[in-house]
1. Round to a whole angstrom and tell me the spacing of the C-alpha centers of region 167-230 and region 314-341.
2. Between rounded, prolate and oblate, where does region 56-369 land on the alpha carbon gyration tensor, with a ≥ b ≥ c its root eigenvalues, rounded for a/c under 1.5, else prolate if a/b exceeds b/c?
3. Please sort 95-102, 329-336 by packing, taking for each peptide the average over its residues of neighbouring beta carbons within 10 angstrom, highest first.
4. Per the Kirkwood formula on distinct C-alpha pairs, the Rh of region 130-227 is how many angstrom?
5. What distance in nm lies between label points placed 7 Å from Cα along the C-beta direction at residue 249 and residue 91?
6. Measure out, as a whole number of angstrom, how far apart the alpha-carbon centroids of region 108-134 and region 352-370 sit.
7. Under the 0.36 nm per residue contour assumption, what length would be gained going from the current alpha-carbon distance of residue 74 and residue 352 to full extension?
8. On the first, second and third principal axes, largest extent first, how far apart are the outermost C-alpha atoms of region 324-363 in Å?
């Protein structure tokens, strides 16, 4: 199927989910198609789209590692598992292990159908149950769901390749796409200044913010949202370029809105204790932990040297308490020890882009595979 045009193909029965930023987000030109006003009522999806083969129980039992054909990770290493990396400028998703080996990649020859494209994956996240990865191709204006069974393939797409807009079926720099447990896909639609929820038929069934109103005034309007992290309670944590992180309930009520240390926060994450972890897409870059009141309780921000970051776009907490961070323009992914504030593991060559073993080119997204 061609990426052009909105597509809502069959996914897999009972598929569920489990939250980057690249170049500057705002465009001086308006969306190329007239804005629409999608319903703002709660989602009414009848459930996750149906997959071609197998059952959700089968895939959940196999887990992501089983579907990828990977062994259990080696214990006692600085990376406590596998990392899925959106290697943006190499146009690929890869999975790496603690030993710096690429153990899986997409797409391989023959994994794209006639007319399909896979261009600049900007983020990549897991579906809950592990049967798929979902990625936003920000600069291509599309979202793609990569199902892992019976073999890796693009099972669903949304957007018009290379065409920016706000009408039905269009996106304008989509970021942080997630496939949710209720079968909806959520995404931050940056230039349209909204977070949207899309059903399996490609219909926007809910939104926060709306095209043409890019002022920070949540929940009425949002300033260029580049993050929409789903929360365990059904709510969402929205990151706004300009310097805000907003927490919303499942019903869309604003819980809090806090200022970030810089004006370009990226892809905020909610920690188990309720604090907020957020990267700053700047050079030198930084990573901060903030309380729900906005107080900074931890910062990583070396100004220079091998520990410095250049436009980090996502920081996530790993099970052992370390932080995995995309160091986008240094072309590497790093793991940072929270206590020593030192890099204890990295994949990529600091400041050197490439596509061969051990190299990345503007990695903009990551996800931990448990």
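FYI, it's all coordinate maths here, none of it is from the lab. From a predicted model like this one, the values you see are computed outputs, not experimental measurements. As a convention, Cβ positions derive from the backbone with ideal geometry for all residues, glycine included, and neighbour counts pool all protein chains shown.
1. 27 Å
2. On the way: a/c = 1.44, a/b = 1.04, b/c = 1.39.
Here region 56-369 falls in the rounded category.
3. Numbers: 95-102: 16.9, 329-336: 23.4.
Averaged packing, sorted descending, gives the order 329-336, 95-102.
4. 13.4 Å
5. Once both label points are built, they end up 4.7 nm from each other.
6. With region 108-134 and region 352-370 each reduced to a Cα centre, they are spaced 15 Å.
7. Values: separation 278, 0.36 × 278 = 100.08 nm, distance 2.81 nm.
Gain on extension, residue 74 to residue 352, equals 97.3 nm.
8. 32, 17, 13
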